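In what follows, a structure is listed as structure tokens, so that the remarks can point back to it.
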Amino acid sequence: LKYALGVAKGKYQGSDIFLGLIHAQVLGSERKEHGKALNGMKYAPALDALCHSLYAKSPSCYKLLCKYFNLRSPCSLL
């Protein structure tokens, strides 16, 4: 609830990667609840750029993060 109030007040402006990650988690959870796949999800440009950079530096590290967060599959980054 504190997070939602902070977003409404603009407290997290400038935290595009963080906001993108939270949005991906919420959207991914909603899709899973409705029995939908994560295919076709839209990601924030800042989060997308981070994912590409992380995968380029360490594919194994990126794959580990994918286990815990709703991120693009490594195949979709290529």
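Restricting attention to region 1-35, the residues that are modelled with pLDDT of 90 or more and assigned to a loop (DSSP other than H, G, I, E, B) total 2. Looking across region 23-36, just one residue is over 16 Å from Cys66 (Cβ atoms) and crowded, with 16+ Cβ neighbours inside 10 Å, and that is His23. Just one residue in the set Leu5, Leu64, Leu19 is in contact (Cβ under 8 Å) with a residue 12 or more places away in the chain and either touching a Phe, Trp or Tyr at 6+ places or on another chain (Cβ under 8 Å) or aliphatic (A, V, I, L, M) (or both); that residue is Leu19.
The set of residues in region 37-78 being in a helix (DSSP H, G or I), modelled with pLDDT under 95 and more than 14 Å from the chain's Cα centre (by Cα) consists of Cys75 alone.
Exactly one residue out of Cys75, Cys61 is loosely packed, with under 15 Cβ neighbours inside 10 Å and in contact with a helix residue (DSSP H, G or I) (Cβ under 7 Å, 6 or more places away or on another chain): that is Cys61.
The values are calculated or read from the model by the stated rules, or taken from the named source; none is laboratory data. Everything quoted here is computed from the prediction, not taken from an experiment. In this analysis, Cβ positions are derived from the backbone assuming ideal geometry, glycine residues included, and neighbour counts consider all displayed protein chains.
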